[in-house]
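Q: Please read through the structure below; I'll follow up with questions.
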Amino acid sequence: MYIISVIPISRGIPFSELSYYSSEALSAGVLVEIPLGKKNISGIVFSSTSLIESKSQIKQSRFSLKKIKKVVGPSPLGEALINGLQDASVKTLTPVGALLSTMVNELFLETFQSVLMNLTLEKKELAPSSVCYGSFADRADYYKRIIRSAFAEKKSIVFVAPTIRSAETWFSILSKGISAHSVILHSKKNKRDQKSSLVKIKSSERPLFICTTPQSAFVPRTDIKTLVLEDEASSLYKTHDRYSADMRVVLRSICDSYGTSVVYGDVLPRFETLVESGMTHLARSFNPEKLVVVNTEPFRTLLPTEIVELVRYCQKNKKSLFLYTNRKGVAPISRCADCGTSVDCPSCGLPIVLRYKVNSSMEKERMFVCSHCASTLPADHHCEYCGSWNITPVAIGTESIKEALEALIDKEHIITIDDDMSLDDKQSESLIAEIQKKKFFVMVGTSKMLPFIKNIDFVAVPFFDRLLSTPSPFIVEEVLRLIMTLNEKTKDTLILCTKKPDFPITKLLSTKKIEEIIDSDIENRKALLYPPFGLLLKLSVTVPVSHVEVISQKIKLFFEELDNTMLPPRRISPGSMKVLCVWIIQAPNSYLADNSEALNSFLMDLRYPYKIEINPARLS
């Protein structure tokens, strides 16, 4: 009799391993069917131990072992993959089974069932990761070169894009001339097409160019030379479950286990990627040559005077214009209802927002808070221009900008697309294609519109200062990446409207000193121990109002050796008796490797719904 440790291939199971018994020893990597609750699921054998060796552990256990239902046979997954996933599990705080179920489905197992890979191959010397940055065309040329180089060595390439649309776009470009040796794989392909692609991957003796999304990126071939992570700064590489596992980390761990090199590509990669690859000094030619920073005059209307003049210029000269606003579609600022003057931070000069903040007496009170530097003003602050007390929040998003434009031009020349619109890619493309038939039009949109637009005469960011006040440790690189993307989309000029031209990043942008901006932000992160020089953990727990104090004390005690901050609790819905409590925890890079098991155990013992994010994009 043997005790078998099995990794379940299923989501929603908070355990990396489950124990069963079998009458015979099973080797690691064997695919089995195991009972779990009222259903049977697939699993991968991790280890086998004789009953005699585990006798004392069985006597002390509080549950009875179940028998393995069926031995399915050898699996295309083996030691190298499991080792890589175990490393990723520690780095992402995600059970190995949950990672496996994200990357492996029944069709995959069925197709590769007869393939038992030799995953105990001699470890290759791992080439350092490399970075490809620049315009879309420049990256495409680079990718074509590494594909040709790999094919010459009779090696395959796996190309990963964060979205299906992006994968299809890149596949159409990179597979030209090698379509017979190219495969695209993603979840929107029907089952027959997916099966056909998997069979081609399995049976082809020639090297392949395999284009895929992160969830389909594990390819059981022994000739993979390089894995490319395109658009590597995209937040869509994180899974949309309670673990928010970063698939960039997962795929890198698997590549390290197999000895496969990784190429990170983007218009501007994450700064932590640049630091880790030793590429903090970029080419001098890497700058937004079409960028112009415009110092706007104090305005009493929604749109700056300079934007109004630009709209009229485009109308007169039959030019196209794209106005970018915050991706959430609504960016609240506070303005005087009598004269229109905005309320700005007294320290850094960026727009300031009225919100609740916990004071020194641990009581919540309304005050104006700067999202950038945390400076405050009292809630009864008067307008500095006219002295009025009538300060009100104003929503500046796609809809309010559209309304302001409708006072200037006809509706038929305006189109808006933002995150609140539930349009799919085809609908968005159709809307944009229709309005681009006109010689003059104005697009208003968020980042959702960016993949669909190109060759726009003018691009403008009317409220650039508002972007900088977003509460994120990565806001500088996000804004810089946005600028590089918008610069590529415009034919003529990219305009940033600012009321604070002397703000450090704005001043550097006006002189196009991109490398200085990057160096300065990296130095700031190093001083603050922000990624990649440290870890930020965002722990969110939903608890009844009456239990907030108890949970707060437990979490404070567990993280007492780390810098941790609890944000003000907020109700999950109006009238609800449950609140969402959020903690921001700062830790050294070695923390997860040393404490992941204890941390996972602690979180499960909380017995309340939780979500933990590693290096979250937003801290609020």
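The values are calculated or read from the model by the stated rules, or taken from the named source; none is laboratory data. Being a predicted model, the structure only gives us computed values, none of them experimental. Every residue, glycine as well, gets a Cβ built from its backbone with ideal geometry; the counts of neighbours run over all protein chains shown. Please note that ligands, DNA and RNA were not included when accessible areas were found on the heavy atoms of the full protein model with its side chains. Shrake-Rupley method; radii C 1.70, N 1.55, O 1.52, S 1.80 Å.
Q: Out of (1) touching a helix residue (DSSP H, G or I) at 6+ places or on another chain (Cβ under 8 Å); (2) over 20 Å from Val308 (Cα atoms), what's the single condition that is false for Glu434?
A: Evaluating Glu434 over (1) touching a helix residue (DSSP H, G or I) at 6+ places or on another chain (Cβ under 8 Å); (2) over 20 Å from Val308 (Cα atoms) leaves (1) as the failure.
Q: Scan region 549-565 for residues that are hydrophobic (A, V, I, L, M, F, W, C) and surrounded by fewer than 16 Cβ atoms within 10 Å (Cβ to Cβ) and report the count.
A: 3
Q: Right, something else. Hey, does region 500-514 have a residue that's within 30 Å of Asn295 (Cα to Cα), touching an Asp or Glu at 6+ places or on another chain (Cβ under 6 Å) and touching a residue at least 60 places away in the same chain (Cβ under 8 Å)? Can you show your working first?
A: To start, the set of residues in region 500-514 that are within 30 Å of Asn295 (Cα to Cα) comprises 500-514.
Checking which are touching an Asp or Glu at 6+ places or on another chain (Cβ under 6 Å) leaves us with 500, 508.
From what's left, touching a residue at least 60 places away in the same chain (Cβ under 8 Å): 500.
Yes, region 500-514 contains a residue that is within 30 Å of Asn295 (Cα to Cα), touching an Asp or Glu at 6+ places or on another chain (Cβ under 6 Å) and touching a residue at least 60 places away in the same chain (Cβ under 8 Å).
Q: Got at least one residue in region 538-546 being surrounded by 20 or more Cβ atoms within 10 Å (Cβ to Cβ) and either in contact with a Cys (Cβ under 8 Å, 6 or more places away or on another chain) or in a helix (DSSP H, G or I) (or both)?
A: Within region 538-546, the first condition is being surrounded by 20 or more Cβ atoms within 10 Å (Cβ to Cβ), and the residues that meet it are 538-539, 541, 543.
Narrowing the set further to residues that are either in contact with a Cys (Cβ under 8 Å, 6 or more places away or on another chain) or in a helix (DSSP H, G or I) (or both) leaves 541, 543.
Scanning region 538-546, I find at least one residue that is surrounded by 20 or more Cβ atoms within 10 Å (Cβ to Cβ) and either in contact with a Cys (Cβ under 8 Å, 6 or more places away or on another chain) or in a helix (DSSP H, G or I) (or both), so the answer is yes.
Q: Return the only residue of Lys200, Lys176 being basic (Lys, Arg), under 30 Å from Glu79 (Cβ atoms) and without any contact (Cβ under 8 Å) to a residue 60 or more places away in the chain. I'd like the intermediate steps shown before the answer.
A: Values: Lys176 fails: under 30 Å from Glu79 (Cβ atoms).
When all the criteria are applied, what remains is Lys200.
Q: Residues being in a strand (DSSP E or B) and closer than 20 Å to Glu549 by Cβ: count how many of those fall in region 562-600.
A: Applying the first criterion (in a strand (DSSP E or B)) to region 562-600 yields 563-566, 570-571, 578-587.
Now restrict to residues that are closer than 20 Å to Glu549 by Cβ: 564-566, 570-571, 578-585.
Qualifying residue count for the region: 13.
Q: Is there a residue in region 608-619 that is more than 25 Å from Leu236 (Cβ to Cβ) and either surrounded by fewer than 17 Cβ atoms within 10 Å (Cβ to Cβ) or basic (Lys, Arg) (or both)?
A: Kept after step one, since they are more than 25 Å from Leu236 (Cβ to Cβ), are these residues of region 608-619: 608.
Subset that is either surrounded by fewer than 17 Cβ atoms within 10 Å (Cβ to Cβ) or basic (Lys, Arg) (or both): 608.
Yes: one or more hits.
Q: With the requirement that a residue be open to solvent by 60 Å² or more (accessible area, probe 1.4 Å), modelled with pLDDT of 75 or more and within 40 Å of the chain's Cα centre (by Cα), what does region 52-85 give you?
A: Lys66, Lys69, Lys70, Val71, Val72, Asn83, listed by residue number.
Q: For the subset of region 385-412 comprising residues that are open to solvent by 40 Å² or more (accessible area, probe 1.4 Å) and in a helix (DSSP H, G or I), which member is modelled with the lowest pLDDT?
A: Glu399
Q: Right, something else. Filter region 604-620 down to residues that are among the aliphatic types (A, V, I, L, M) and within 23 Å of the chain's Cα centre (by Cα), then give me how many there are. Walk me through how you get there before you give the answer.
A: From region 604-620, those among the aliphatic types (A, V, I, L, M) are 604, 606, 612, 614, 617, 619; that's our starting set.
Next, from what is left, pick out any that are within 23 Å of the chain's Cα centre (by Cα): 612, 614, 617, 619.
Selection size over region 604-620: 4.
One line per residue, one yes/no per condition, for (1) part of a strand (DSSP E or B); (2) in contact with a Ser or Thr (Cβ under 9 Å, 6 or more places away or on another chain); (3) at pLDDT 80 or above; (4) not charged (D, E, K, R):
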| position | (1), (2), (3), (4) |
| --- | --- |
| Leu251 | no, no, yes, yes |
| Asp256 | no, no, yes, no |
| Tyr264 | yes, yes, yes, yes |
| Leu268 | no, yes, yes, yes |
| Ser285 | no, no, no, yes |
| Cys314 | no, yes, yes, yes |
| Leu321 | yes, no, yes, yes |
| Ser334 | yes, yes, no, yes |
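Q: Take Ile210 and tell me if it is modelled with pLDDT of 90 or more and over 23 Å from Gly134 (Cα atoms). So that I can check it myself, show each step before the final result.
A: Values: modelled with pLDDT of 90 or more: yes; over 23 Å from Gly134 (Cα atoms): no.
In short, no.
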